[in-house]
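A quick write-up on the structure given underneath.
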Amino acid sequence: MTSPHHLHATAAAWSLKSVLEHLAQLAEVGAAHIAAETLEAPTLLRSPATGRRHALGGDTSSLAAATDPQPARRNRWADMHTRSHRRLGWLADQLPTPAGPDGWWRIYDTIPRLQPGTAAVITRHLADEDTCVRTAVGCGPQRELLRGVECPACRRRDVYVQTSGPQEAWTVVCTADCRCLGLGCRCRASGAVEGVAHIWPRHAIVTDTAMTAA
């Protein structure tokens with residue numbers, strides 16, 4: 001089944017997968033830094049005065065405190081990565097998905113078989129998580145302006161191609177927040193749904209509309 005809701009859900013899934021891969025890289029780098037920190041020997045105060053004090057039976061509590069191993073700091077990127085995958089696992093469990101350890105794949109594999117309304121709900125969950133992670137890592141949405149291309153519906157040139165995932169999965173959206181009017185809408189989208197933000201498969205806009213504009 002294909003509808004604008006399914007296109008939005010698929011686009012959100014690929015966007016989230018992309019930023020989670022970036023998050024995994026940050027977690028790996030963070031783990032390496034933390035491991036290096038824990039291997040550093042504690043700094044000891046070495047001086048004749050300190051040596052005499054200990055030899056005479058002075059207080060050694062400060063030395064013990066200096067040499068006690070400190071707990072490794074938490075890897076917040078790894079924590080976020082684990083949390084996101086747990087959320088995806090929970091979301092996958094709410095759907096008639098196949099069994100498997102990868103929540104993202106279970107959701108992605110099931111999207112084409114969902115009812116449009118369910119796909120819309122999944123889109124919101126995926127988009128919320130995508131926004132949360134991208135805000136944390138300082139990474140904006142992956143999209144490129146289609147220069148010289150106008151939206152088939154509102155005729156404004158605020159059309160972007162969303163570039164997460166393989167090229168055959170890329171989609172095109174209008175950022176002017178124009179909404180589909182349903183049957184008879186100028187968007188010419190397959191399975192048009194009234195009130196849904198316009199979205200098209202990339203090939204429907206980059207080939208047809210771009211050639212028309214040229």
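Assorted remarks:
- Residue-count net charge about Asp130 - beta-carbon cut-off 13 Å; Lys, Arg +1, Asp, Glu -1: +2
- Contact order normalised by residue count of region 144-210, Cα under 8 Å, 6+ apart, percent: 29
- Surface composition of region 144-210: carbon and sulfur atoms hold 47% of the protein heavy-atom accessible area at a 1.4 Å probe.
- Remark: region 71-214 carries a charge dipole of roughly 320 debye about the Cα centre, counting +1 on each Lys and Arg Cβ and -1 on each Asp and Glu Cβ.
- Taken over region 96-160, the percentage of Cα pairs per 5 Å bin, counting from 0 up to the bin with the maximum distance, is 3, 14, 14, 14, 17, 20, 11, 4, 2, 0.
- Shown here for region 127-214: trypsin sites (Lys or Arg not before Pro) in loop regions (DSSP other than H, G, I, E, B) with at most 11 other Cβ atoms within 10 Å, namely Arg147, Arg155.
- Environment charge at Cys185 (Cβ cut-off 10 Å; Lys +1, Arg +1, Asp -1, Glu -1): +2
- Lys, Arg +1 and Asp, Glu -1 on Cβ, resulting dipole of region 144-210 about Cα centre, debye, nearest 20: 200
- Accessible surface for region 144-210, divided over its residues, is 54 Å² per residue with a 1.4 Å probe.
- For region 144-210, projected area of the alpha-carbon convex hull averaged over all directions, nm²: 4.1
- Gain on full stretching of the segment that runs from Gln167 to Thr131 - 0.36 nm per residue minus C-alpha separation: 10.8 nm
- Centroid-to-centroid, using Cα positions, region 93-117 and region 163-178 are 21 Å apart.
- Placing unit charges on the Cβ atoms of the charged side chains and taking the dipole of region 144-210 about its Cα centre, the candidate lying farthest along the positive direction among Cys187, Val173, Trp200 is Cys187.
The values are calculated or read from the model by the stated rules, or taken from the named source; none is laboratory data. Bear in mind that the values here come from a model prediction, so they are computed numbers and not experimental data. Glycine also receives a Cβ, built like all others from the backbone with ideal geometry; neighbour counts cover every protein chain displayed. Ligands, DNA and RNA are excluded from the accessible area calculation, which covers all protein heavy atoms including side chains. Shrake-Rupley method; radii C 1.70, N 1.55, O 1.52, S 1.80 Å.
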